[in-house]
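Following: one structure in structure tokens, then a few remarks.
The values are calculated or read from the model by the stated rules, or taken from the named source; none is laboratory data. All values derive from a computational prediction rather than experimental measurement. FYI the Cβ positions are ideal-geometry reconstructions off the backbone, even for glycines, and counts take in every protein chain you see. Please note that ligands, DNA and RNA were not included when accessible areas were found on the heavy atoms of the full protein model with its side chains. Shrake-Rupley method; radii C 1.70, N 1.55, O 1.52, S 1.80 Å.
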Amino acid sequence: MICSRLLPLVCFGSLLAFQAGVNTPGNFVDVTDASGVHFTHVASHTTRKYLPETMGSGVALFDYDNDGRLDIFLVNGAPLKDPTPAGTIPAKSGPKDWNRLFHQKPDGTFEDITERAGLEGTGYGMGVAAGDYDNDGYEDLYVTAYGGNKLYHNNGNGTFTDVTERAGVGGSGWSTSAAWVDLDNDGLLDLVVLRYLQWDFSDIWCGEHKEGLRAYCHPDTFKAIRPLVFHNEGSGRFREMGDKIGMGNPGKGLGIAIADYDRDGRIDIAVANDSMPEFLFHNQGGGKFEEKGLTSQIAVDEDGRTYAGMGIEFQDFNNDGFPDLIIDDLANQMYSVYTNAGDGMFTYATKTSGIGRMSLLHSGWGLRLLDYDNDGWKDLLVAQGHDLDTIELSNPQLRYREPMLLARNTGHGFEDVSAVSGKIFHEAWAARGLATGDLDNDGRVDAVVSTNDGPAHVIRNLTSTDNHWLTLLLVGHKSNRDAIGAVVKISTAKGSQYSTVTTAGSYLSSSDKRVHFGLGSERAARTVDILWPSGIRQVLDHVEGDRIIQIDEPARN
């Protein structure tokens, strides 16, 4: 079938190594004021320095009403007392600390429809994950928090219903990032929910016992806690089975990403842990997983040290067909880059990639690989800012608020192009969440960033380039409808690129599920090769670029 909407869209039914381009600086512009997105995160800072105050919250870019335009969901905190009694579960008190849903109108501006949609929220929010868990064609939302999470079912009429209790996915403790993923390829999205620490509002003094120098506690102060893994049983119900399937390892999870790292046809899970070994859950098949962080060599840095893993990306940035890992952390640690060797092992490439020297004095949270100039190489965008608001008193060379980082992928490594890529890269924020997607459907990937106790920023990519592009919206039928976990390979005369369909990655956030490829000077992809989660292989020949194309999963190979 072929169809069109408000944007150039072609729908295909059952039919159907790049050389680095010109060194193009980015041009990213903050359009928040003009966009109509007015949001301020509520951290509720106290003199007691409760750890949730510094963690910020997440962002989701998703099309909740299927009009072809991305909408924005922003998670918010809640008021805290000073002091807050141990055992307290914070609750929202009114519109100031509501979560917010902004609907994108045809003119590209946004309207706040939170109340109409029923998404105000209840507790001290943290993260968000978008995914169509019941395959009805509408994206649902899972919102994590301290003290209990919420699953909101998209009713398809602009409203959402809280189905948490019936679904059985409320959880407990302090949840952070979450990922929708079909763990057993049964066509239904399951839910993996990270938890950060065994923590409550007990009054613990950390940092120096001097006026103004009390600090947020180091995660080593608290015990680890295992993630929650909810298997989708169908009919809107889930069953927690993390221990049973081999994902019950206690961690201090902040970021989660998915990819089939060994190309065995089964999706794997990577977790960024704070100040303890990172996790890589290898899918053994039969619904079982094995944690292989140490044996795959992604658990620690090249010196065998742990670090403050926060945000994470799990995509192929060197176009060799195997997904690589990038995990950011705190200043003086360097962001960790692991290239996939293709044999189940990874190589620590922080220094050789160029990311080490540009990240040493910075602290990263949300991060995303995106081809901002459409040259065929995935670049890196990082939301930055330290977690300690006292850091400048103890370490004058560091900053609490920092500009974002844009690292261009040259095909031989990364180079810092932040200074020449727009005013926003000179503005200091306590940035946290980061989601990416093509907000205006112009073929250039945009971003939305949240800040701790500050405003959200809507950032347009206005990079000037003659390069071409191709964006794919995959629709599963035997596979989950979002096609999460599908592996896409596109080939042109210049080489091949690969991407995994996912909304997970970054930090506390959920990005556009559409996969975007820069084509460089090529106007079309010779082939688009899709391995669906069901195992069905689909190949389309000569796919014209500069379009958003919907591809439906065929009934068979």
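General remarks:
- Qualifying residue in the range 245-267 (condition: acidic (D, E) and touching a Leu at 6+ places or on another chain (Cβ under 7 Å)): no
- Number of residues in the range 140-163 that are surrounded by fewer than 24 Cβ atoms within 10 Å (Cβ to Cβ) and not in a strand (DSSP E or B): the value is 8.
Results for (1) open to solvent by 20 Å² or more (accessible area, probe 1.4 Å); (2) closer than 30 Å to W98 by Cβ; (3) within 18 Å of the chain's Cα centre (by Cα), shown as yes or no for each residue.
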{"residue": "V445", "(1), (2), (3)": "no, yes, yes"}
{"residue": "S450", "(1), (2), (3)": "no, yes, yes"}
{"residue": "D453", "(1), (2), (3)": "yes, yes, no"}
{"residue": "V458", "(1), (2), (3)": "no, yes, yes"}
{"residue": "L462", "(1), (2), (3)": "yes, no, no"}
{"residue": "L470", "(1), (2), (3)": "no, no, no"}
{"residue": "G476", "(1), (2), (3)": "no, no, no"}
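- When we screen A383, A419 for residues that are touching a strand residue (DSSP E or B) at 6+ places or on another chain (Cβ under 6 Å), modelled with pLDDT of 95 or more and of a type in the set (A, V, I, L, M, F, W, C), the only hit is A383.
- Residue ranges of strands (runs of 3 or more DSSP E) in the range 266-342 with at least 3 members open to solvent by 10 Å² or more (accessible area, probe 1.4 Å) and modelled with pLDDT of 95 or more: 279-285, 288-291
- For the range 293-316, the count of residues that are closer than 20 Å to N409 by Cα and β-branched (V, I, T) is nonzero.
- Test: residue in the range 426-433 that is open to solvent by less than 20 Å² (accessible area, probe 1.4 Å) and closer than 29 Å to G545 by Cβ: no
- Filter result (among the small types (G, A, S) and open to solvent by 30 Å² or more (accessible area, probe 1.4 Å)) within the range 515-557: S521, S534, G535, A555
- Scanning the range 188-204 for residues that are open to solvent by 10 Å² or more (accessible area, probe 1.4 Å) and part of a loop (DSSP other than H, G, I, E, B), we see that the one that is farthest from E290 (Cα to Cα) is D203.
- Single match in L119, L183 (criterion: crowded, with 24+ Cβ neighbours inside 10 Å, in contact with a strand residue (DSSP E or B) (Cβ under 9 Å, 6 or more places away or on another chain) and of a type outside the set (F, W, Y)): L183
- Residues of the range 231-265 satisfying the condition of being in contact with a Phe, Trp or Tyr (Cβ under 8 Å, 6 or more places away or on another chain), open to solvent by less than 20 Å² (accessible area, probe 1.4 Å) and among the charged types (D, E, K, R): K252
- Top-ranked residue in the range 122-137 [being of a type in the set (D, E) and either open to solvent by 10 Å² or more (accessible area, probe 1.4 Å) or not in a loop (DSSP other than H, G, I, E, B) (or both); ranked as nearest to A167 (Cα to Cα)]: D134
- Top-ranked residue in the range 1-40 [being at pLDDT below 50 and either in contact with a helix residue (DSSP H, G or I) (Cβ under 9 Å, 6 or more places away or on another chain) or farther than 30 Å from A555 by Cα (or both); ranked as least open to solvent (accessible area, probe 1.4 Å)]: F18
- Residue count for the range 451-470 satisfying the condition of being farther than 30 Å from D387 by Cβ and of a type in the set (K, R): 0.
- Checking A272, A308, A257, A224 one by one, the residue that is under 22 Å from S175 (Cα atoms) and in contact with a Pro (Cβ under 7 Å, 6 or more places away or on another chain) is A224 and no other.
- Count - residues of the range 382-420 that are aromatic (F, W, Y) and within 21 Å of the chain's Cα centre (by Cα): 1
Matching residues to (1) β-branched (V, I, T); (2) within 19 Å of G376 (Cα to Cα); (3) modelled with pLDDT of 95 or more; (4) in a loop (DSSP other than H, G, I, E, B):
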{"residue": "A504", "(1), (2), (3), (4)": "no, no, yes, yes"}
{"residue": "L508", "(1), (2), (3), (4)": "no, no, yes, yes"}
{"residue": "G518", "(1), (2), (3), (4)": "no, yes, yes, no"}
{"residue": "T527", "(1), (2), (3), (4)": "yes, yes, yes, no"}
{"residue": "I530", "(1), (2), (3), (4)": "yes, yes, yes, no"}
{"residue": "S534", "(1), (2), (3), (4)": "no, no, yes, yes"}
{"residue": "Q538", "(1), (2), (3), (4)": "no, no, yes, no"}
{"residue": "Q550", "(1), (2), (3), (4)": "no, no, yes, no"}
{"residue": "N557", "(1), (2), (3), (4)": "no, no, no, yes"}
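- For the condition in a strand (DSSP E or B) and either open to solvent by 50 Å² or more (accessible area, probe 1.4 Å) or in contact with a Phe, Trp or Tyr (Cβ under 7 Å, 6 or more places away or on another chain) (or both), A78 does not qualify.
- Filter result for L369 (part of a loop (DSSP other than H, G, I, E, B) and in contact with a strand residue (DSSP E or B) (Cβ under 9 Å, 6 or more places away or on another chain)): no
- Among the residues of the range 41-74, those identified as closer than 17 Å to G385 by Cβ, out of contact with any helix residue (DSSP H, G or I) (no Cβ under 8 Å at 6 or more places or on another chain) and assigned to a loop (DSSP other than H, G, I, E, B) are H41, K49, M55, G56, S57, G58.
- Within the range 478-513, being among the charged types (D, E, K, R) and buried (at least 21 other Cβ atoms within 10 Å of the Cβ) holds for R481, D482, D512, K513.
- Checked against (1) open to solvent by 30 Å² or more (accessible area, probe 1.4 Å); (2) within 21 Å of the chain's Cα centre (by Cα), R368 passes all but a single condition, namely (1).
- Residue, most open to solvent (accessible area, probe 1.4 Å), within the range 205-230, restricted to residues that are within 29 Å of L367 (Cβ to Cβ) and in a strand (DSSP E or B): G207
- Answer residue from the range 392-416, given it is surrounded by fewer than 20 Cβ atoms within 10 Å (Cβ to Cβ) and aliphatic (A, V, I, L, M) and is farthest from M126 (Cα to Cα) among those: L393
- The residues in the range 149-186 that are farther than 27 Å from G265 by Cα and either at pLDDT below 95 or among the hydroxyl-bearing types (S, T, Y) (or both) can be counted, and the count is 7.
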